[in-house]
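The values are calculated or read from the model by the stated rules, or taken from the named source; none is laboratory data. Fair warning: this is a prediction, and the values are worked out from it, not measured in the lab. Cβ atoms come from the backbone with ideal geometry, glycine included; neighbour counts cover every protein chain shown. Note: areas computed on protein heavy atoms with side chains; ligands, DNA, RNA excluded. Shrake-Rupley method; radii C 1.70, N 1.55, O 1.52, S 1.80 Å.
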Amino acid sequence: MVNKKLIRELLNESSCTHNKTKKSSCDKPKPGATSGGCAFEGSQISLFPFADVVHLVHSPATCIGASWETRQTLTSYEKQNNTLTGYTTDVNTNDVIFGGTKKLEDSIEYIVKHKNPKSIFVYETCVTAMIGDDMDNVCSRMEEKHKIPVVVIHSPGFVGGKNLGSRLGAESVFHQLIGTKEPKEIHPFGINLIGEYNVTGDMWQYISILEKIGIKIISTLAGDGRVENIQMAHRAKLNVIVCAKSLISLTRKMQEKYQIPYVSVSFYGKRDTSNAIRSIVNAFGDENLSKKAEEIIKAEESKLEEKLIPYKKLFKGKKAILNTGGNKSWSIASALQDIGLEVVATSVKKATLEDKEIASKYVDILMTNPGVEQAKLIDEHNVDILLAGGRSLYTAIKKKVAFVDVNQEKKVSYGAYNGLINLAKDVSYAVNNRVFKIVGSPEPWN
Ligand code: SF4
């Protein structure tokens, strides 16, 4: 059942900076305003990377299309990657009248019998919330019977947007999974990566560096995640929020319940990757660990700078505009500056107040209406490249400037030191690509 008190609490998260200074809540639901993604979509996107889990959407078949496979979240769980198949109870008119709980129960039985997953996550959606199916009852009976966690996520689309949905997904994990299993031993430098979805393998760019320093990844929510690891997340010594402030409610609650402190970091760009490593290591206050970290940072930075020499030469004097969402408004801007580009403006349309504050430290012009502003700014500042989501490609073509897709449709990782080389390569291909100049020209026969 939708918990109104919880939703109010999540929208007024006390750890958010804007709530500390000025009492203001986050994205309040506006009826019908789900164009940026509904709460169900948000919850499924944030939990979908658990590949050892079957994700069952209790809804008419259409809901599943809203969120399935929208990001290239990679997994190393190849044995039985359950995220390759979408599961839905396909609620129909008959179920709306007589209730869909029988169908839900049958679906769970089918999944256990044929897929044998480590866990099943069941998502509540608009229709099943409105008809009042008692999903908690069905799922707890199924959990008892099959001895695997059957987690209910109460995130029907009508409660709000994608951001709130991520929080609701994390709530379910907090109450139904974290703390339900004990590890064989507790690592002194164990961390949880919260809000890292391993899109295009971003996480794999830096976990080997952390492990070399002596840090152990206990669990991730949810990039390349395993349900058993998240059950033991309460035994980590530090929570690391990776570029996703939407999950700050979870880390605050884990601090209150399990006394796990948290740090918030970004692994995009050279400066931010080095700072992220330092923030994690400094949180442990261990001299040897810090020393090792500094040695590794120094070696990685010098390797990177060496590889960046030809790109920096190519990008000298080149100007960029960035139009992307949330924390990427500043984290990608920082990465672009690290490869030698001047970032003229960045979009903060979908950014939180905190992200806007950080973005203003990196870039002078913050666009609140990029659809209108970016084309004007390209002309005014003689910009060479636009980095944005697919929809802005047409602006780049019209303005005859190079274009790189930096949203989830991107094909390679831009994370950490190695990812920065990938970003430099993509920018160089775009800058050198004549097609952006030619495609916007008048037809030769005219
Ligand atoms: S949960 Fe509601 S808003 Fe979201 S896709 Fe389904 S019907 Fe649409």
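Count Lys and Arg as plus one, Asp and Glu as minus one, and take only other residues whose Cβ is under 14 Å from that of ASN422; the net charge is then +1.
How high is the relative contact order of the stretch 190-296? Use alpha-carbon pairs under 8 Å, at least six apart in sequence, and give a whole percent. Averaging sequence separation for qualifying contacts and normalising by length gives 26 percent for the stretch 190-296.
Would you please classify the overall shape of the stretch 360-446 from the alpha carbon gyration tensor, given that a ≥ b ≥ c denote the square roots of the eigenvalues, rounded means a/c under 1.5, and beyond that prolate means a/b larger than b/c while oblate covers the rest? Can you show the working numbers first?
Values: a/c = 2.06, a/b = 1.26, b/c = 1.64.
Verdict is oblate for the stretch 360-446.
Could you tell me what percent of the DSSP beta bridges with both partners in the chain are antiparallel, to the nearest 5? Expressed as a percentage, antiparallel bridges in the chain total about 5.
Residue separation of GLU109 and LYS257 scaled by 0.36 nm, minus their Cα-Cα distance, works out to 49.9 nm of gained length.
Counting only helical runs of four or more DSSP H residues, what would the 222 nm mean residue ellipticity of the chain come to if each run contributes -39,500 (n - 2.57) and the total is spread over all its residues? It would help to have the intermediate numbers written out before the result.
Details: 20 runs with 210 residues, N = 446.
Calculated at 222 nm, the ellipticity per residue is -14000 deg cm²/dmol.
Using the Stokes-Einstein relation with a Kirkwood hydrodynamic radius computed over Cα pairs, the translational diffusion coefficient of the stretch 190-296 at 25 °C and a viscosity of 0.890 mPa s comes to 178 µm²/s.
Leaving out ligands, DNA and RNA, and with a 1.4 Å probe, what % of the accessible surface on the chain is carbon or sulfur? Walk me through the numbers on the way to the answer.
Details: 10560 of 20430 Å².
Roughly 52 percent, rounded to a whole number.
Between helix 370-381 and the chain there is an angle of about 20 degrees, using the helix long axis and the longest principal axis of the Cα atoms.
Helix 416-432 against the longest principal axis of the chain: what's the angle in degrees, Cα atoms only, rounded to the nearest 10? Taking Cα atoms only, the helix is inclined about 50 degrees.
Within a straight-line Cα-Cα reach of under 16 Å, LYS291 can be paired with the following lysines, leaving aside sequence neighbours fewer than 8 residues apart in one chain: LYS212. Restricting the calculation to Cα atoms, every distinct pair contributes to the Kirkwood radius of the stretch 305-438, found to be 14.6 Å.
Just report the Cα centroid separation between the stretch 74-97 and the stretch 336-401, whole Å. Cα centres, the stretch 74-97 to the stretch 336-401: 37 Å.
Close amide H contacts of THR73 (hydrogens built in the peptide plane, cut-off under 5 Å, sequence separation of 5 or more or a different chain): THR200. Between LYS361 and THR93, the FRET efficiency from the beta-carbon distance, with R0 = 45 Å, is close to 0.25. Helix 135-146 axis versus longest C-alpha principal axis of the chain: approximately 80°, rounded to the nearest ten. Its residue count N sets the reference 2.2 N^0.38 Å, and the alpha-carbon radius of gyration of the chain equals 1.02 times that reference.
Surface listing: THR200, THR73 arranged by accessible area from highest to lowest gives THR73, THR200, probe 1.4 Å. Could you work out the local net charge near HIS234, counting Lys and Arg as +1, Asp and Glu as -1, over the other residues with Cβ closer than 14 Å to its Cβ? So the environment of HIS234 carries a net charge of +2.
Multiplying the residue separation of LYS145 and ASN369 by 0.36 nm and subtracting their alpha-carbon distance yields 75.4 nm.
Note on the stretch 68-127: dipole from Cβ charges, positive end direction compared against SER76, VAL96, PRO117; the farthest Cα belongs to SER76. When TRP204, TRP445, TRP330 are compared by accessible area at a 1.4 angstrom probe, the order from most to least is TRP445, TRP204, TRP330. For MET142, the accessible surface of its heavy atoms amounts to roughly 0 Å² (probe 1.4 Å, protein chains only, rounded to the nearest 10).
Strictly over 32 Å apart at the Cα level, which of LYS349/LYS399; LYS103/LYS162; LYS292/LYS425; LYS162/LYS400; LYS118/LYS349; LYS103/LYS184 would you flag in this model?
Details: LYS349/LYS399 22 Å; LYS103/LYS162 27 Å; LYS292/LYS425 30 Å; LYS162/LYS400 34 Å; LYS118/LYS349 39 Å; LYS103/LYS184 39 Å.
Flagged as over cut-off: LYS162/LYS400; LYS118/LYS349; LYS103/LYS184.
Hey, with R₀ at 25 Å, roughly what FRET efficiency would LYS303 and LYS411 work out to, going by the Cβ-Cβ distance, to 0.05? Could you put the intermediate results ahead of the total?
Details: r = 24 Å, r/R0 = 0.94.
That gives a FRET efficiency of 0.60.
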